[in-house]
1. Any idea what the dipole of the chain comes to, in debye rounded to 20, about its Cα centre with Lys/Arg Cβ at +1 and Asp/Glu Cβ at -1?
2. What's the angle, to the nearest 10 degrees (0 to 90), between helix 346-356's Cα axis and the longest principal axis of the chain?
3. Arrange the peptides 75-81, 403-409 so that the one whose residues have, on average, the most other Cβ atoms within 10 Å appears first.
4. Just going by the charge dipole of the stretch 95-146, with Lys and Arg at +1 and Asp and Glu at -1 on Cβ, which of GLY136, LEU100, GLY111 is farthest out on the positive end?
5. Using a 1.4 Å probe, what is the accessible area per residue for the stretch 209-360, in Å²?
6. At R0 = 30 Å, how high is the FRET efficiency between ALA32 and ASP162 if r is their beta carbon distance? Nearest 0.05 is fine.
7. Whenever you get a sec, compute what percent of the accessible area on the chain sits on carbon and sulfur atoms (1.4 Å probe).
8. With the radius of gyration and the Kirkwood radius both derived from the Cα set of the stretch 1-150, what is their ratio Rg to Rh?
Amino acid sequence: MNHASPLELSRLRYQPPLPRILLSLEHLGLRASSPSELKEGCESIKQLFPRTYNQGPILFAAGEPEAKSARLRVGVVLSGGQAPGGHNVIAGLYDALKELHPGSTLLGFRGGPAGILKNETIEITAALIDNYRNLGGFDMIGSGRTKIEGQEQLLASLATADRCALDGLVIIGGDDSNTNAAHLAEFFLSAGSKTRIVGVPKTIDGDLKSREIEISFGHDTACKVYNELIGNLMRDALSARKYYHFVKLMGRSASHIALECALKTHPNLVLIGEEIAAAKTILDGLTHQIATLITERSAAGKEFGVILIPEGLIEFLPEIGSLIRELNTLLAREEIRTEVDRLSHIDERISVLCGHLSPDSALCFARLPYTTQAELLFERDPHGNVQVSKIATEQLLIATVTHELAKRAAAGIYRGSFHPVHHFFGYEGRSAMPSQFDCQYTYALGYTSALLINAHLTGYMATIHNLTQPCDVWQVGGTPITALMQMEERKGKRVPVVKKALVDLQGPAFKTLVRNRARWAKDDLFGYPGPIQFTGPQEVVGELPLTLILESQGAGTIA
Ligand code: FBP
């Protein structure tokens with residue numbers, strides 16, 4: 001790393017502390033809980049996962065000295081979108097494996113799950129991992145969105161695990177990747193394979209959480225990066241007093257990122273997709289709401305403001321959500337896909353698809369601006385979903401609000417000047433240098449996954465509890481992935497999936513927003529979190545996600 005910046009060099013040297021319980025692996029015991037409490041009412045999951053279903057959560061605890069660990073061969077794969085801290089999971093896994101037995105081997109699968117199917121590996125050595133400790137990105141081994149779910153892929157994965165003689169495989173991914181991990185664990189057991197499967201909760205979106213998973217890694221850092229940028233925009237808005245910043249924030253479905261950023265920066269308005277869906281607010285209603293905020297602020301002499309928009313909003317608007325679902329189903333049909341692909345002009349494609357849509361959806365589609373119509377036809381992701389990061393919802397709202405304000409101006413209700421500026425903060429945060437919290441959390445998660453494999457556990461997700469306390473007292477263990485699953489309809493079929501956590505409208509974080517947002521709309525109580533800090537006072541360096549704190553303590557009022 002001869003071109004590394006002084007900060008990178010300093011981060012490479014940082015040694016994340018470990019929870020006290022992990023300081024002496026020789027004396028580590030297991031405390032297992034009964035599975036029954038988590039499993040009620042999950043008959044279908046039980047039938048689909050007969051070998052991995054009947055397991056309970058486990059915690060590592062101080063115990064009698066264990067027999068010396070055997071030499072382990074473990075594979076690791078990064079799956080899906082980048083999230084800060086991925087390299088530290090691998091570093092923690094590597095260090096723990098070497099501590100358990102210096103002759104242990106760690107293989108990285110290149111380019112995500114496709115690397116498992118093609119058996120493309122690289123041995124993770126001390127020299128390699130030392131170039132990536134505490135740094136962002138997934139570039140050490142790469143990532144990808146290939147799914148491992150059909151019989152053919154399960155068999156190919158088994159062949160790779162056998163050929164590599166793997167004792168364990170660690171899958172670092174989000175809800176879909178961990179669903180695949182559960183399938184692999186069950187399939188490997190049924191085939192008599194010795195390879196244990198362990199998942200690690202990754203996603204900046206923050207939607208892989210539950211009672212057992214306090215937070216997914218990467219969410220904290222990504223929000224901190226966005227918060228710095230939002231705070232800077234707020235300061236600029238307050239200084240120039242002439243621009244409205246419409247900021248779209250990443251987060252494929254749930255609005256956790258928008259909520260966390262709002263709690264830290266206090267925008268004039270933040271849209272929460274889950275609330276909009278619950279209230280069945282349509283695009284016209286939302287446009288009115290935003291135009292009214294702008295009209296009222298204008299009457300108070302304020303022609304500026306900051307509005308946060310979650311990336312997933314578009315699918316939560318009821319009429320556009322229905323339209324998207326219909327389009328997804330249509331575009332999944334071979335004959336329609338072929339017909340549409342044959343046409344080179346977007347207008348022709350739109351008109352063909354309109355012919356197949358229900359009257360309501362056809363009308364909704366026709367009323368959208370041309371660019372949004374075109375964006376809704378972009379290629380689907382491997383799960384058949386529209387790629388919301390590619391839909392400029394912030395620009396769509398600017399267009400509809402501009403139109404509404406013009407109508408209000410003509411009617412004499414609005415006399416202001418509206419100068420909108422659009423932004424999309426997404427990729428900027430996904431590969432950032434992990435915050436202190438993410439560095440420590442991911443390093444401990446990596447360690448924990450090695451211990452789960454060493455304890456011969458399979459179908460578990462590495463979990464860490466007590467995260468609002470100092471890392472020293474974190475509790476480490478594992479949760480059976482099947483305990484996080486439910487049956488859902490995907491592409492017209494009921495299938496088992498790890499449940500995606502949406503923003504809880506009864507939860508303390510959302511209630512805190514509700515308690516404060518009227519003041520934020522009028523009074524410009526902007527927050528300026530500034531850049532992530534790695535040295536300095538612990539209250540700055542170790543600042544935790546507010547959502548995590550509120551969820552562990554209950555709702556509060558913030559300045
Ligand atoms: P994961 O769910 O794989 O963690 O990815 C999340 C995410 O960053 C979303 O926020 C975003 O919509 C999507 O990935 C973008 O995907 P891509 O990397 O394919 O552009």
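The values are calculated or read from the model by the stated rules, or taken from the named source; none is laboratory data. Not measured: the values here are computed from a predicted model. Virtual Cβ from ideal backbone geometry, glycine too; neighbours counted across all protein chains shown. Protein only, heavy atoms only, side chains kept; ligands, DNA and RNA dropped before computing areas. Shrake-Rupley method; radii C 1.70, N 1.55, O 1.52, S 1.80 Å.
1. Once rounded to the nearest 20, the dipole reads 280 debye.
2. 80
3. 75-81, 403-409
4. My answer, from the dipole projection, is GLY111.
5. On a per-residue basis, the stretch 209-360 sits at 36 Å².
6. Efficiency computed from Cβ-Cβ geometry: 0.55.
7. 52
8. We get a ratio of 1.02 for the stretch 1-150.
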